[in-house]
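The values are calculated or read from the model by the stated rules, or taken from the named source; none is laboratory data. Nothing here was measured: the structure is a model prediction, and the numbers come from that model. Here the Cβ positions follow ideal geometry from the backbone for every residue, glycine too, while neighbour counts run over all protein chains shown. Side chains are part of the model used for accessible areas, which takes the heavy atoms of the whole protein and leaves out ligands, DNA and RNA. Shrake-Rupley method; radii C 1.70, N 1.55, O 1.52, S 1.80 Å.
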Amino acid sequence: MQVIATAGHVDHGKSTLIRALTGIEPDRLAEERRRGLTIDLGFAWTALPSGAEISFVDVPGHERFLGNMLAGLGPAPIVCFVVAADEGWQAQSSDHRDALAALGIDQGLIVVTRRDLAPERVADVIAQARAELSGTGLAHAPALAVSAVTGQGLSELRNQLDAVVAAARAPEADHRVRLWVDRAFSISGAGTVVTGTLAAGTLRRGDQLALCGAGLSRDVVVRGVQSRGGALEQLGPVSRAAVNLRGVSTEEIGRGDALLTPGAWEITAQLDVRRTTGRALDDAAPEIMVHMGTAAVPARVRPFGADHARLTLARPLPVRVGDPIVLRGSGSRSVHGGALVLDVDPPVLGRRGDGARRRATLESMPAGGDAGVEVQRRGALREASLERFGIIVRSPLPEGLHRAQGWLFSTDALGRWTTELHALLDRDRASDPLSSGIPRKAAVDALALPDATLLDTVIAAAGLERRDGRVLDGSVARGLGAAEAGISSLEQRLLIAPFAAPEAEELAALHLGPRELAAAAAQGRLLRLPGEVVLLPSSPALAMRELAALPQPFTASTARRALGTTRRTVIPLLEHLDSRGWTRRVTAGLREIVR
């Protein structure tokens with residue numbers, strides 16, 4: 001399947017050609033048929049000799065309807081450029097050439113119509129068309145002459161269309177959806193229906209899509225999908241699509257709106273762009289019309305020299321890096337030029353000299369964006385954000401980038417974070433010798449990490465440790481300050497009587513409270529058990545020696561007597577041994593050694 005848009009001067013026979021190829025009248029409006037003048041977009045479809053199916057978008061040629069023409073040409077990947085043999089290249093031929101050049105369209109063919117009226121001019125008109133299109137993507141497009149009235153050349157045209165379609169770039173059926181709406185109407189019993197060219201992705205009945213509209217943005221549901229007059233369960237690219245929607249009225253959606261894969265597109269009103277065709281950007285009016293897809297949106301222009309500018313749109317659009325746009329003067333009937341989107345999330349420019357610095361950055365930026373530049377500017381960026389921007393993340397990663405937990409971050413950012421984390425720990429130790437480290441949340445907040453999951457990466461890069469929800473430096477010998485004497489005295493006493501846990505009065509006499517005991521435990525000098533039972537870290541192993549000598553299984557009372565301790569001490573000690581898998585309960589009152 002493919003979609004082909006027409007292009008060419010008014011009254012050069014575009015609609016007549018489509019009618020002859022498909023048998024379908026592309027002029028939908030009564031006024032168009034009465035005046036013999038295409039005003040808005042027309043649609044038709046046919047099968048080619050190979051069996052391939054194609055749809056046509058017929059665009060108006062008159063200069064007054066340039067906006068409508070751009071809405072039809074914008075989403076189409078292939079163009080059929082029409083020039084009449086009896087008139088040759090005309091003014092709107094140039095406008096349409098400028099439009100397709102701005103859009104970067106490089107697939108299509110040249111068709112000279114009305115060959116029956118001026119057969120002697122066909123060769124000259126083809127040569128003229130090639131000369132005019134020499135700077136565009138159609139410079140080397142196939143060319144042939146036809147007559148829709150006599151049928152001359154139509155068979156050859158169908159075969160040539162077959163060849164063009166066969167050679168066209170394969171669309172991405174698994175890509176994210178961005179369906180630019182070109183029509184919206186209501187059908188009795190069905191409700192709201194919109195149409196557009198599906199250039200990539202797949203639409204399925206029941207899909208939930210995000211509507212990005214001029215008046216509102218909301219989620220909508222696909223009730224049904226049609227293409228070329230038939231209902232389908234799903235539709236892939238490149239196709240003309242008619243989508244029946246639930247959740248929106250025809251008054252709330254229209255041309256220039258877009259249906260999107262939810263969460264997959266950057267919706268922005270500010271773009272940094274590079275000129276690709278036409279006049280210089282510093283020659284543009286302060287306000288210009290931006291055409292993208294089927295949308296036409298006013299925008300303010302801040303030029304960065306002749307070739308780069310920032311565009312601030314009157315409303316947000318779903319945009320990706322590499323999108324082509326057409327620029328037209330507000331109220332103008334001609335194309336100012338074309339541009340390529342370089343940045344969909346540009347930095348704020350508020351300081352003196354920011355504009356000149358931004359110009360230098362844009363001049364060096366590749367057309368498809370640069371993951372390294374984007375990450376370096378922010379320090380860290382979700383990989384999914386780059387995908388949403390339309391920037392490809394190469395593998396392996398460019399030098400200076402790192403990946404963790406779905407984030408990309410720069411070497412500079414990682415260095416700043418590790419340096420600051422070490423400084424935090426130094427300040428913490430200086431202010432509180434008993435500190436057992438910095439709580440994780442405090443570290444995340446102090447470093448201003450974009451995501452708490454990055455802290456483990458920073459800890460590892462800094463050569464630090466995680467323990468009990470805190471960050472600490474295990475390589476630094478930590479004292480206990482004023483508590484050192486009390487802790488040392490307790491250690492000496494427990495070496496003599498390892499299971500004689502101190503009572504509250506003894507701890508108070510040693511000036512050891514919960515905070516001092518916690519600091520000593522964090523340093524591995526004491527073992528704290530529930531009920532403020534304090535022993536040496538070696539006590540569990542010593543207890544196991546004594547318990548292993550008992551008849552198995554044994555009771556808590558037997559263990560208490562063997563260890564020469566109290567019930568207050570033996571119960572939490574046995575539970576600690578259970579938790580380590582060294583002992584296990586046999587019954588409610590019996591335990592045994594795990595061998």
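A few comments on the model shown:
- Residues within segment 292-340 that are within 17 Å of Arg178 (Cβ to Cβ), in a strand (DSSP E or B) and among the charged types (D, E, K, R), tallied: 1
- Counting residues in segment 539-553 that are farther than 19 Å from Arg591 by Cβ and either at pLDDT below 95 or touching a Lys or Arg at 6+ places or on another chain (Cβ under 9 Å) (or both) gives zero.
- Residue within segment 437-454 that is of a type outside the set (A, V, I, L, M, F, W, C), open to solvent by 30 Å² or more (accessible area, probe 1.4 Å) and closer than 19 Å to Ala519 by Cβ present: yes
- Residue tally, condition surrounded by 15 or more Cβ atoms within 10 Å (Cβ to Cβ) and assigned to a helix (DSSP H, G or I), over segment 398-415: 2
- Some residue of segment 419-435 being on the phi > 0 side of the Ramachandran plot and either more than 34 Å from the chain's Cα centre (by Cα) or exposed (fewer than 15 other Cβ atoms within 10 Å of the Cβ) (or both): no
- Number of the condition not met by Ala131 [criteria: (1) more than 30 Å from Glu233 (Cβ to Cβ); (2) of a type in the set (A, V, I, L, M, F, W, C); (3) open to solvent by less than 40 Å² (accessible area, probe 1.4 Å); (4) outside any loop (DSSP other than H, G, I, E, B)]: (3)
- For segment 324-357, residues that are under 23 Å from the mean Cα position of the chain (by Cα), open to solvent by 10 Å² or more (accessible area, probe 1.4 Å) and closer than 23 Å to Pro286 by Cβ total 5.
- Tabulated pairs, segment 312-325, first touching a residue at least 12 places away in the same chain (Cβ under 8 Å) and at positive phi, second assigned to a loop (DSSP other than H, G, I, E, B) and surrounded by fewer than 21 Cβ atoms within 10 Å (Cβ to Cβ), C-beta under 6 angstrom, 6+ apart or interchain: Gly322/Gly368; Gly322/Gly390
- For segment 377-397, taking the residues that are part of a loop (DSSP other than H, G, I, E, B) and of a type in the set (A, V, I, L, M, F, W, C), the one that is nearest to Arg357 (Cα to Cα) is identified as Ile391.
- Val193 assigned to a strand (DSSP E or B), crowded, with 21+ Cβ neighbours inside 10 Å and among the hydrophobic types (A, V, I, L, M, F, W, C): no
- Counting residues in segment 173-182 that are part of a loop (DSSP other than H, G, I, E, B), modelled with pLDDT of 95 or more and more than 30 Å from Ala258 (Cβ to Cβ) gives zero.
- Segment 23-45, residues that are open to solvent by 30 Å² or more (accessible area, probe 1.4 Å) and modelled with pLDDT of 85 or more: Gly23, Ile24, Trp45
Here's the yes/no breakdown for (1) surrounded by fewer than 21 Cβ atoms within 10 Å (Cβ to Cβ); (2) without any contact (Cβ under 8 Å) to a residue 24 or more places away in the chain; (3) not hydroxyl-bearing (Ser, Thr, Tyr):
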site	(1), (2), (3)
Gly230	yes, yes, yes
Leu235	no, no, yes
Glu252	yes, no, yes
Ala280	yes, no, yes
Met289	no, no, yes
Pro298	yes, no, yes
Val301	yes, yes, yes
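Each row is one residue, and each column tells you yes or no for (1) over 19 Å from Leu495 (Cα atoms); (2) among the aliphatic types (A, V, I, L, M); (3) open to solvent by less than 80 Å² (accessible area, probe 1.4 Å); (4) not in a loop (DSSP other than H, G, I, E, B).
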site	(1), (2), (3), (4)
Leu550	yes, yes, yes, no
Ala559	yes, yes, yes, yes
Ala562	no, yes, yes, yes
Leu577	yes, yes, yes, yes
Gly581	yes, no, yes, no
Gly589	yes, no, yes, no
Arg595	yes, no, no, no
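- Failed criterion for Asp426 (all others in (1) in contact with a Gly (Cβ under 8 Å, 6 or more places away or on another chain); (2) assigned to a helix (DSSP H, G or I) hold): (1)
- Of the strands (runs of 3 or more DSSP E) lying entirely inside segment 200-286, those carrying at least 2 residues that are charged (D, E, K, R) and on the phi < 0 side of the Ramachandran plot are 217-227, 239-246, 266-278.
- Residue satisfying all of: in segment 512-548; of a type in the set (Lys, Arg) and assigned to a helix (DSSP H, G or I); nearest to Thr583 (Cα to Cα) among these: Arg545
- Every pair of residues 6+ apart whose Cβ atoms lie under 6 Å, when the first sits in segment 382-395 and is touching a residue at least 60 places away in the same chain (Cβ under 8 Å) while the second is in a helix (DSSP H, G or I) and not hydroxyl-bearing (Ser, Thr, Tyr): Ile391/Ala371
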